[in-house]
Every structure is written in C-alpha cells, then in structure tokens.
Amino acid sequence: PYPWYAELRRASPVLRDPRTGTWMVFDYHGVRRALDDHDAFGSDVSAAGYGNLGWFIFFDPPRHTKMRALISRAFTPRTVAGLEPRVREIARGLLDTTAGRDAFDVVGDFAVPLPLMVIAELLGAPADDWSRFRRWSDVILELALTLQGGAEAQHAVAAFTAVRAEMARYLAELLDVRRDAPRDDLLSRLLAAEVDGSRLSDGEILAFFQLLLLAGHETTTNLIGNAVISFAEHPEQLARLRADPTLLPSAVEEVLRYRSPVQAVFRVTRRDVTLGGHAIPARSLVLAMIGSANRDPSRFPAPDAFDVARAPNAHVAFGHGIHFCLGAPLSRLEARVALGELLARTETIALADDQPWEPRAAFHVHGATRLPIHVT
Ligand code: HEM
C-alpha cells in the first residue's frame, strides 16, 4: 500500500471515501491529532452504529480510564521485564521443534504460538490451549473486518456468536477455580477488581479475555513475521544486525515503523471537527492511517529506507495518547527475544521462493499468515 499512501499524503492527506462515508487520514500530523485529541476523536464506535464488544479499547473516558487501570499494572515495563526468562524458555522450546530442518514456517511454527502461550499464561489459561485461542481470534478478527458491512458480515456475526458462547464456557471454568482459590494471574485480579464500588460481571471479564487474547498475539505475531520479511529483503541490514546485536531493540522499532502490524485505527468524531482543512461532521467514522504516518517524509528522513539503526524513530505503531498500546513493553520483549533466538541459531535466513509468503487478508493488519523460510 505504500506507494498509494505516498500519493495520498501529497494529494489529499485527509480524504472521505465516497463509497462508505469513512474519513481517512494519511499524514503524520493529522494522525497524531486524531490520536491525541480524544475529546474530538472518540474511540466508542457504537456512536457510529457499530458494536463495541464491551472492549475498553473502544471506550471513552471516564469508563476507559477505570477499566484500563484495572490491568495496567500487569503490563508495566518492570513487570514485563520479569517475564523474560519464561518468554525465552517458550521461544527456545518452539525453535527446538524445528531443529535440524532447513525449512519451516516461521509464522505458523513460531510467531503464532509464542505470543499466544505468553498471553495465555498471563491471563491464567493453559499455554497448551494456544491453537484453540488462535481459532477464536481468527473468528473475532473476521468480525472486525466486516466493520464496513457487506454480505460476509452475517456469516462473521454468526461465527462470532458461536465462538463467544464457547469462550464464555471455557472462561467460566477458569473463573470457578479462581473464585475458590485466587492465583497470581490476571483473571484472579479481574475477579477481585471493583469499578465504582461493584465487581465486574462475567460478561465484562469475558470482554477483557477476548481483547487481550486478540491484541496480545495477532499484532506480535505479525511484528515477528514482518521483521523476518524485512531482514530477508535487506540482507545488508541483517548483516549489520548480526555484527552488532545491540542494534536489536532499534531494529524492532524500525520494523514497527517500516511494516506497521496495525496499519489503521478507528475513531468516531464526537462533535463537528476541522482536520486538514476539511469539515468532518459529528459521528463520522475516521481511520487514522498509522502505517502511512510512519512513512511520512516530513517526520522520517528517507522514510522508505529500512534502517536498523534509525534514530530518532518516533513512530506511532503502538498509537499515541490515552489509548497507547498497553502491551507495547510485552510485545517489544517478545520480538526481541524471538528474533534474538532465531538469529542466534541461524547463519542465513531466506524466504522460500518456491512457496511465497501469504499476506493476512485485512486492510488494517499487516502481516503474513504463512511465511516459509530456508535457514542454514
Ligand atoms: C492498543 C498496536 C501488542 C494490548 C493498541 C493500539 C495500537 C496497538 C496501535 C492503539 C489503538 C487505538 O488507539 O485505538 C499494537 C502492536 C502490537 C501490540 C503493533 C505488537 C507489535 C499488544 C499486546 C497486548 C496489547 C502484546 C496485550 C498483551 C493492547 C490493549 C490496547 C492496545 C489492551 C488498548 C489500550 C487502550 O485502549 O487504552 N495496540 N499492540 N497490544 N493494545 Fe496493542
């Protein structure tokens, strides 16, 4: 999409899609405004007639602030740093299953299970159930994709309804165990939590469970896959990284900027707003195009160059403002550990040209569903 973004940033950085009535924002300045000005650009998509699934990512203050606060302690950089040994153990275990093979699917065999197993354990679910979680979040993602309506929407809603019931039964069992004997996990914390003097309902806990399962892996999976693609396409940058592993954190930031796993986030105008000279009426759906903002030459010199040592690198791949990604420290850790372990075990990595990688079919998430590689 990048040449298309570049053209629109030049020609019309704020654009109304005449087919759907959705506004799209392509330049860095405009995207930052949409993310930072949460009074004008709200997150509650139900104001524009869509379901918000009870997920706090789609809430506005004051409810958003309270719900986010319930779990934010579990995701601070300090808490997350304590998870590193376990993340490394999981990464090594998964790579062990590929040992001795000169080709494997780095997404299916590695980048999918790793973050799912980590988020499952944080929540308090067995890591071994990860393939079930993958199936559930595929269905939820499908639903998110139909935000624009259309024929497949009915199918996606039906599939989601079935999955929601299955998840509710699964969750009820985990909660029952914890009601009697709380543990050191997120579900136990949510059971004990109070908002405005009352406990959360099971439905509210289910919403946390769904949001964290989906947000906690889909994006990190794509970050790891996108890193492998970027490295394979820029062997000189990979050589630089191999020569100086202290570049790994900045390489991860550059992948986030260069191939942003989340390409766009939704907002709904809460009043009439002027942006980039356009009058946007209240209750309009707005797409802040993060993936385009991260390639804006007014903010990033040589934006189409992949530079593992880029500094400064003030990308908005995790959003900005009050909804800034809660999982950013966790996904940075996971990506650093995953890529560090992969590089340590290989001398060369090449995309398998007999089996090209398959993109995830979604305009707002950017990643591969299958990414076969050859390694030595
Ligand atoms: C919010 C991206 C990983 C949990 C966000 C937002 C973005 C984002 C762009 C802002 C949404 C908005 O403004 O509407 C990413 C990327 C990730 C990643 C690119 C990995 C590369 C994770 C992980 C978790 C997570 C691992 C959880 C374990 C959340 C939550 C929110 C959020 C709960 C909502 C925060 C709020 O509304 O206050 N993420 N995310 N994310 N992310 Fe992430």
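Which of the residues that make up the range 42-70 are touching a Phe, Trp or Tyr at 6+ places or on another chain (Cβ under 7 Å), hydrophobic (A, V, I, L, M, F, W, C) and under 13 Å from residue 204 (Cα atoms)?
Once the filter is applied, which keeps residues that are touching a Phe, Trp or Tyr at 6+ places or on another chain (Cβ under 7 Å), hydrophobic (A, V, I, L, M, F, W, C) and under 13 Å from residue 204 (Cα atoms), the range 42-70 yields only 67.
Scanning the range 77-112 for residues that are in contact (Cβ under 8 Å) with a residue 24 or more places away in the chain and closer than 18 Å to residue 328 by Cα yields a count of 10.
Total residues in the range 235-289 satisfying the condition of being in a helix (DSSP H, G or I), away from the ligand (no atom under 16 Å from the Cβ) and touching a residue at least 24 places away in the same chain (Cβ under 8 Å): the figure is 7. Filtering the range 171-190 to residues that are buried (at least 17 other Cβ atoms within 10 Å of the Cβ) and free of Cβ contacts under 8 Å to residues at least 40 places away in the same chain leaves 171, 175. Can you tell me which residue in the range 29-59 is nearest to residue 318 (Cα to Cα), limited to those that are of a type in the set (Gly, Ala, Ser), more than 10 Å from the ligand (Cβ to nearest atom) and in a helix (DSSP H, G or I)? Only one residue fits best here, namely 30.
Residues in the range 190-222 that are away from the ligand (no atom under 16 Å from the Cβ), part of a helix (DSSP H, G or I) and not charged (D, E, K, R): 3 in all.
Candidates are the residues of the range 51-60 that are modelled with pLDDT of 90 or more and either hydroxyl-bearing (Ser, Thr, Tyr) or in contact with an Asp or Glu (Cβ under 9 Å, 6 or more places away or on another chain) (or both); the one that is surrounded by the fewest Cβ atoms within 10 Å (Cβ to Cβ) is 54. Only a single item in (1) more than 28 Å from residue 333 (Cα to Cα); (2) among the hydrophobic types (A, V, I, L, M, F, W, C); (3) surrounded by fewer than 17 Cβ atoms within 10 Å (Cβ to Cβ) is not met by residue 48, and it is number (3). When we screen 257, 189, 178 for residues that are closer than 30 Å to residue 43 by Cα and either of a type in the set (Asp, Glu) or out of contact with any Lys or Arg (no Cβ under 8 Å at 6 or more places or on another chain) (or both), the only hit is 189. Answer yes if at least one residue in the range 320-333 is touching a residue at least 12 places away in the same chain (Cβ under 8 Å) and more than 16 Å from the ligand (Cβ to nearest atom), and no otherwise. No, the conditions are met nowhere in the range 320-333. The numbered conditions (1) touching a strand residue (DSSP E or B) at 6+ places or on another chain (Cβ under 8 Å); (2) surrounded by 15 or more Cβ atoms within 10 Å (Cβ to Cβ) are all true for residue 355 except (2). In the set (1) crowded, with 19+ Cβ neighbours inside 10 Å; (2) within 13 Å of the ligand (Cβ to nearest atom), the condition left unmet by residue 368 is number (2).
The values are calculated or read from the model by the stated rules, or taken from the named source; none is laboratory data. Because the structure is predicted, anything quoted here is derived from the model rather than measured. Positions of Cβ are generated from backbone atoms using ideal geometry, with glycine treated the same way; all protein chains shown enter the neighbour counts.
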